[in-house]
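Only one structure is covered here, and it is reproduced in the block below.
The values are calculated or read from the model by the stated rules, or taken from the named source; none is laboratory data. Keep in mind the model is a prediction, meaning the values are calculated, not measured. Cβ placement follows ideal geometry from the backbone for every residue including glycine, while neighbour counts extend to all protein chains displayed.
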Amino acid sequence: MPNTYTQIYIHIVFSVKGRANLISSVWKERLYQYISGIIRANNQKTMIINGVSDHIHILIGMNATCSISELVRDIKSNSSKWINDMRFIRTKFEWQTGFGAFSVSPHFINTIINYIQRQEEHHRKKSFREEYVAFLKDANIEYNENYLLEDFGENTETGPSPQNN
């Protein structure tokens, strides 16, 4: 076959280090625009970005040549540097180690976009921990409670335990 055709959608989730409520509504749209620029610079397509004060969700249309881990590393390192350079907060801003990345069927893109758009409303009813564990269970990802989330007195690794990476 002379050409490669792909349509890959990935829902990425990661949080502020220590699950601190540091993302302000005053500058979060600028942050999302900056992250969109990072994604674009990596030749990927931002479908939507939204979140709340302690974590964000990104839906990306990816091409087959992209490494999810490298893309998320670029997003997190460049955006945290930008937040610190802009002095949006008084302390050093950092993202939590790790992330969640979940494939999305093209048939469910609108459902996921709607879900991401409604983050503030959604988190009035459900904690980030409940949300994240539900994502892991829905994707049949085995995880170790000891490596799940930082702010619950647990280990500092987000996502599946190291043996599942």
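Being crowded, with 17+ Cβ neighbours inside 10 Å, under 17 Å from Ile12 (Cα atoms) and not hydroxyl-bearing (Ser, Thr, Tyr) is the filter; apply it to the stretch 137-165 and report the residue that is modelled with the highest pLDDT. Here the answer is Leu148. May I ask you to verify whether Glu70 is farther than 30 Å from Asn3 by Cα and exposed (fewer than 13 other Cβ atoms within 10 Å of the Cβ)? No, not satisfied. Applying the criterion of being of a type in the set (S, T, N, Q) and without any contact (Cβ under 8 Å) to a residue 60 or more places away in the chain to the residues of the stretch 12-32, the residue that is surrounded by the fewest Cβ atoms within 10 Å (Cβ to Cβ) is Ser25.
Do we find that Gly61 is surrounded by 13 or more Cβ atoms within 10 Å (Cβ to Cβ), more than 30 Å from Asn144 (Cα to Cα) and modelled with pLDDT of 95 or more in this structure? So Gly61 fails the test. Would it be correct to say that Ser67 is free of Cβ contacts under 8 Å to residues at least 60 places away in the same chain, under 23 Å from Glu130 (Cβ atoms) and of a type outside the set (A, V, I, L, M, F, W, C)? When the stated conditions are applied, Ser67 does not pass them. Lys126 satisfies every condition listed in (1) without any contact (Cβ under 8 Å) to a residue 40 or more places away in the chain; (2) touching a helix residue (DSSP H, G or I) at 6+ places or on another chain (Cβ under 9 Å); (3) within 21 Å of Leu136 (Cα to Cα); (4) in a helix (DSSP H, G or I) except (4).
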